[in-house]
Amino acid sequence: MGGMNVSTPEPGRPLSGRREATRRKLFEAAVTLISEQGYGATTVDEIAERAGVAKGTVYYNFGGKNELYAALMEWGVTRLADTLRDSVPDPGQGAAPREALAEVLRAGVVFISTHEALARLLIAEAWRTNRAWYEAVRQIRTEAIGVITDQLDAMVERGLTRPDLDTSLAGSALFGMVVTVALDWRTLQPERPVEDIHTTLAHMADGLIGQPPRADPPHEEPRRGLPRHG
């Protein structure tokens, strides 16, 4: 354990295909175990056994449990952020900004339903204040929530929502709505079609971000009656 601190590759140097596959197996094993029993109760031995590798493989690839977990968080957030980013319609398609935002929210719901254990892990563990996972939380803020915030910023710039919208806070709120609604759906209402969830989220988003202010109608002088002739 003491001499096996080979945690990350050199910057810009890609991992070999075999090592990347091993890391992915370890990530998936850790996701499953931690989502089932929590970070504190999960051991390196259990992760290695679930992944079907030797215990030393964990230390060779990451250096230890904490380093594995930090890399796992980064891997998970990157997958989520890439999914959200890829869902933004190409500008050439002519999608309206609200439609683009709705597509991002829908992609979040689908990701969570497909990678439920990973989503539960990110939400349950990332915001724990008694651990040094600040970098993972910052990554969620800048990458995943940032995709939503970018759509809101574009809407504000084009006058398509209320001008005083705090897009940073609204982006966090929408991200939280996606996660909560998606996990509630998968846990308690899995029989409902995803389109029901997507439609409800779109309506909730509309209520949160509001509509652009309406222009006041032109002022008209009151009509005067025709003069009466005696």
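Looking at region 58-99, which of its residues are modelled with pLDDT of 90 or more, farther than 26 Å from residue 26 by Cα and of a type in the set (A, V, I, L, M)?
88, the sole residue that qualifies.
Answer yes or no: is there a residue in region 147-157 that is within 16 Å of residue 122 (Cβ to Cβ) and out of contact with any Cys (no Cβ under 7 Å at 6 or more places or on another chain). Explain how you work it out, then say what you get.
The first filter runs over region 147-157 and keeps only residues within 16 Å of residue 122 (Cβ to Cβ), leaving 147-148.
Narrowing the set further to residues that are out of contact with any Cys (no Cβ under 7 Å at 6 or more places or on another chain) leaves 147-148.
Checked region 147-157: at least one residue is within 16 Å of residue 122 (Cβ to Cβ) and out of contact with any Cys (no Cβ under 7 Å at 6 or more places or on another chain).
Tell me, which helices (runs of 4 or more DSSP H) wholly within region 29-114 include 2 or more residues that are without any contact (Cβ under 8 Å) to a residue 40 or more places away in the chain, open to solvent by 50 Å² or more (accessible area, probe 1.4 Å) and among the charged types (D, E, K, R)? Before you say what the answer is, go through the steps one by one.
Values: elements: 44-51, 55-62, 65-87, 97-114.
Qualifying helices (runs of 4 or more DSSP H): 44-51, 65-87, 97-114.
Given the conditions (1) open to solvent by 40 Å² or more (accessible area, probe 1.4 Å); (2) farther than 19 Å from residue 87 by Cβ, report the number of the one that residue 165 does not fulfil.
All conditions pass for residue 165, except number (1).
Return the pair list, or none, for Cβ contacts closer than 7 Å from residues in region 196-210 that are assigned to a loop (DSSP other than H, G, I, E, B) to residues that are crowded, with 16+ Cβ neighbours inside 10 Å, at least 6 apart or on different chains.
210/161; 210/165
If the requirement is being over 16 Å from residue 74 (Cα atoms) and either open to solvent by less than 10 Å² (accessible area, probe 1.4 Å) or free of Cβ contacts under 8 Å to residues at least 60 places away in the same chain (or both), which of these qualifies: 144, 170?
Selected residue: 170, the only one of 144, 170 that is over 16 Å from residue 74 (Cα atoms) and either open to solvent by less than 10 Å² (accessible area, probe 1.4 Å) or free of Cβ contacts under 8 Å to residues at least 60 places away in the same chain (or both).
The values are calculated or read from the model by the stated rules, or taken from the named source; none is laboratory data. From a predicted model like this one, the values you see are computed outputs, not experimental measurements. As a convention, Cβ positions derive from the backbone with ideal geometry for all residues, glycine included, and neighbour counts pool all protein chains shown. Just the protein is used for accessible areas: all its heavy atoms, side chains included, with ligands, DNA and RNA removed. Shrake-Rupley method; radii C 1.70, N 1.55, O 1.52, S 1.80 Å.
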